[in-house]
Amino acid sequence: MYVVVVGGGRVGYYLTKALLEQGHEVALVEKTASVCEAINEELGSVCIRGDGSEVAVLSDIGAERADMLVAVTGDDEDNLVACQLAKHRFEVPRTIARVLNPTNEVLFKKLGIDVTVNSTNIIMENIEIEVPTHLLTHLLTFRDRGLEIVEVRVPPDSPVAGKLVKEMSLPAGTMLTLIIRKGARPFVPSNETVLQPDDQVIAAAPAEAEAALRSALGVSEP
Amino acid sequence: MKVLIMGCGRVGGRLAGLLDSDGHSVTILDTDSYAFRRLPPEFHGTALVANGLDEESLRKAGIEGTQVFIALTQGDNRNILAAQLAKHIFNVPRVVCRIYDPLRQGIFATLGIETFSPTTIFAEMLRQQVEGRS
């Protein structure tokens, strides 16, 4: 695959390195001459000095035959424009943009950027998983479906502890898919399953039902 | 008419003054409050310190209900991002965007935003002056 990477910061550098190791052809575009030289010294002549949101630069590196363009500079506007040019001028089939401001993701999607990667959200999600005080954890988001897979730990004082699944008032569209219980094999709950304190419940829920699910399981706001 | 201008440089500041004296309701944004020195003393619009590069800051600047949005910062890409937010997220009826780079301007003109390139305009103007045509 031929991949164009825009932005030779830490993300761009390690991404380029990983793609080269996997045997892909890579062109890295970086504005700063000294950064460009340092990368070329280490990885061979892979880095082209230039502005990845300039048509002439993208044209020089043969963007029209690229299978993918990944824009990972530290500025949302530069990533957006690089991707839009790739898409509309060079007809690159797949464009991926790093987004620093989480609220800009909506616009990027709307403008047809294929994939957006938001480092702020990823860091938040990872920390959430590692911090045990958070009683509801996002495991996976299907953004196009508005669906989330979450993990909830049943608190000891929860009103649902000791109750049957069918007695719970779950928000519409929510499914309890798996229960992980200490000393037992993980199992798929039925309507007759009795919930116990400290059960880890894996649930599929509409994104907007999160608060309702929290309260259904007796989990207080974090 | 309610107008929102992003970037209080020479052009932005002057345009804000002109539209204001024509009786329009003008709000102008800049990331640096020192830029507002370029506004004429009689300006009675609103000058706000904001960057305009995300929904939140545009909403705070009152973009909802704005009829015209004009992006005039020094950065082509910043203008393009803000203009597309105005058009596609806030549905501002008229969005104008300055893009210095003529090639970039050409492409974004086809993507539905009203763009102009001072580079092209001035070069053409100067050519006509030099060659003595009018």
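A compact table of results
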item	result
Contact order relative to length of chain A, as percent, for alpha carbon pairs under 8 angstrom and 6 or more apart	14 percent
Of A:Asn121, A:Asn40, A:Asn191, the one that fluctuates the most in a GNM where chain A has Cα springs shorter than 10 Å	A:Asn191
Gap separating the Cα centres of the stretch A:158-222 and the stretch B:18-39, nearest whole Å	55 Å
Footprinting exposure proxy for A:Tyr2, A:Tyr13 (fewest neighbouring C-beta atoms within 10 Å first)	A:Tyr2, A:Tyr13
Computed over the stretch B:2-130: relative contact order in percent, which uses C-alpha pairs under 8 Å that are six or more apart	20 percent
Cross-link table A:Lys17/A:Lys110; A:Lys87/B:Lys60; A:Lys31/B:Lys2; A:Lys110/B:Lys2, entries beyond 29 Å C-alpha to C-alpha	A:Lys17/A:Lys110; A:Lys87/B:Lys60; A:Lys31/B:Lys2
Estimated FRET transfer efficiency (B:Lys2, B:Thr31; beta-carbon r; R0 22 Å; 0.05)	0.50
The stretch A:131-216, relative contact order [Cα under 8 Å, separation at least 6], %	36 percent
Long-range amide H partners of A:Asp114 with built H, under 5 Å	A:Thr95
Residue-count net charge about B:Arg38 - beta-carbon cut-off 12 Å; Lys, Arg +1, Asp, Glu -1	+1
Full-stretch length increase - A:Met124, A:Ala38 - with 0.36 nm per residue and alpha-carbon distance subtracted	27.8 nm
Bridge type composition, the stretch B:2-130 - antiparallel percent by DSSP, nearest 5	0 percent
Residue (of B:Ala47, B:Ile89, B:Ala61) at the positive-pole extreme of the stretch B:2-130, dipole from beta-carbon charges	B:Ala47
Cα-projected label distance for A:Glu208 with A:His24, points at 7 Å along beta-carbon direction, nm	3.6 nm
Likely footprinting exposure, A:Ile180, A:Ile113, B:Ile113, fewest C-beta neighbours within 10 Å first	A:Ile180, B:Ile113, A:Ile113
The protein assembly as shown: antiparallel DSSP beta bridges as a percent of all, rounded to 5	35 percent
Antiparallel DSSP beta bridges within the stretch A:36-190, as percent of all bridges there, nearest 5	45 percent
Computed [θ] at 222 nm, helices only, for the protein assembly as shown once each DSSP H run of length n ≥ 4 contributes -39500 (n - 2.57)	-9500 deg cm²/dmol
Cβ-placed point charges (K, R +1; D, E -1), dipole of chain B about Cα centre in debye, nearest 20	160 debye
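Only the coordinates and a few stated rules stand behind these numbers; no lab work does. What you see is a predicted model, and the numbers here were worked out from it, not measured in a lab. Don't worry about glycine lacking a Cβ; one is built from the backbone with ideal geometry, like all the others, and counts go over all protein chains shown.
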